[in-house]
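*Asks:* For reference, the structure I am asking about is given below.
The values are calculated or read from the model by the stated rules, or taken from the named source; none is laboratory data. Fair warning: this is a prediction, and the values are worked out from it, not measured in the lab. Note that each Cβ is placed from the backbone with ideal geometry, even for glycine, and that neighbours are counted across all protein chains shown. We work out accessible area using only protein heavy atoms, side chains counted, and drop any ligands, DNA or RNA first. Shrake-Rupley method; radii C 1.70, N 1.55, O 1.52, S 1.80 Å.
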Amino acid sequence: MRQTGLALDPVMKTSLITLYGKALDARRSPSLLHDTMAAEAFDKLGADVAALGVSPRMALSAAARARHFDDWAAEFLSRHERATVLHLGAGLDTRVWRLDPGPGVAWYDVDQPEVAEVRRRLYPERPGYRLVASSVTANAWLQEVRDDLPALVIAEGLTMYLLPEEGRALFRRVTGHFPSGVIMFDTHNRLAAWALNRRLRRISRTPMLRWAISDPGELERAIPRLRCTAAVSALAAPSTAGLSRALRAVELLTRPVPVLHDAGLYLRYAFDGTAR
């Protein structure tokens, strides 16, 4: 593939890797996401796959993760025809088009200005959708979001890159902005974050993972308004099982050792009694 001229800083590189995984998945049979829009966007960018430094198998895990959060999000939206969705650190994801929410949903994708600019070049506008060009940890952007509806907050592939105090402050602001809602995100436990950072130091000399959560109760204690309603090992998620037999074998072998089996977690929290 030809070079795009995109600056592959860590933010943009992560966005391209996850888009690459969804593009690969769109060309598989069976496909998890059927995200032909992602495949078209990746082809349009003409990204240099070698420069991304990720294997196809690893990239495909992004599609499996996205499918899990799509399913959780679809559950929420089936119960709330009128809602606000915050997709934090949206990257180049096309979730709003995959889920195609109804007219009662106000959907906000939030990401850094450089990512937002690429999104504007790739994707069309749609009713009820707004792209917010801002760091998620900034304060001002949330004041522009309507606060009168139940909220679905999706932070897929984001929290581990924040400092713990940044992440907790973000979730406090969000839960304080809405009457009720659900927050869903993925995380690593401390062992996994340590191991991944060791690998990253060898590759880029820079550890990137800064916030690890080993116990879902940690966030409940830090933010009492939150109540954990689901904690799923990334290895055991139904969407992951379809990727390869090898991953299924790893899941079975690590099941007796929680620190290994739960190295990656998909977490969901409700606040103020929102239905699961």
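*Asks:* Step by step: first the residues of the range 250-260, then only those that are more than 26 Å from Ala26 (Cβ to Cβ) and without any contact (Cβ under 8 Å) to a residue 24 or more places away in the chain, then the one that is surrounded by the most Cβ atoms within 10 Å (Cβ to Cβ). Which residue is that?
*Replies:* Among those residues, the one meeting the criterion is Thr254.
*Asks:* Would you pick out the residues in the range 225-249 that are open to solvent by 50 Å² or more (accessible area, probe 1.4 Å), over 14 Å from Ala64 (Cα atoms) and at pLDDT 90 or above?
*Replies:* Scanning the range 225-249 gives Arg225, Arg227, Ala231.
So that you can scan it fast, the table gives a plain yes or no per residue for (1) in contact with a helix residue (DSSP H, G or I) (Cβ under 6 Å, 6 or more places away or on another chain); (2) modelled with pLDDT under 95:
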site: Asp9; (1), (2): no, yes
site: Leu19; (1), (2): yes, no
site: Leu24; (1), (2): yes, no
site: His34; (1), (2): no, no
site: Ser55; (1), (2): no, yes
site: Ser61; (1), (2): no, yes
site: Arg65; (1), (2): no, no
site: Asp71; (1), (2): no, no
site: Ser78; (1), (2): no, no
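*Asks:* While we're on this one: Among Leu243, Leu253, which is out of contact with any strand residue (DSSP E or B) (no Cβ under 6 Å at 6 or more places or on another chain) and assigned to a loop (DSSP other than H, G, I, E, B)?
*Replies:* Result of the check over Leu243, Leu253: Leu243.
*Asks:* For the range 21-31, indicate whether the set of residues that are at negative phi, in a helix (DSSP H, G or I) and without any contact (Cβ under 8 Å) to a residue 24 or more places away in the chain is non-empty.
*Replies:* Looking for residues that are at negative phi, in a helix (DSSP H, G or I) and without any contact (Cβ under 8 Å) to a residue 24 or more places away in the chain, one finds at least one in the range 21-31, hence yes.
*Asks:* Considering only the range 194-202, I want to know if a residue exists there that is open to solvent by less than 20 Å² (accessible area, probe 1.4 Å) and either touching a helix residue (DSSP H, G or I) at 6+ places or on another chain (Cβ under 8 Å) or in a strand (DSSP E or B) (or both).
*Replies:* no
*Asks:* Shifting gears a bit: Out of everything in the range 8-39 that is exposed (fewer than 14 other Cβ atoms within 10 Å of the Cβ) and more than 18 Å from the chain's Cα centre (by Cα), what residue ends up being farthest from Phe69 (Cα to Cα)?
*Replies:* Asp9
*Asks:* Test Arg65 against the criterion of being buried (at least 19 other Cβ atoms within 10 Å of the Cβ), under 21 Å from Ala230 (Cα atoms), of a type in the set (Lys, Arg) and in contact (Cβ under 8 Å) with a residue 60 or more places away in the chain, and give yes or no.
*Replies:* Yes: the conditions hold for Arg65.
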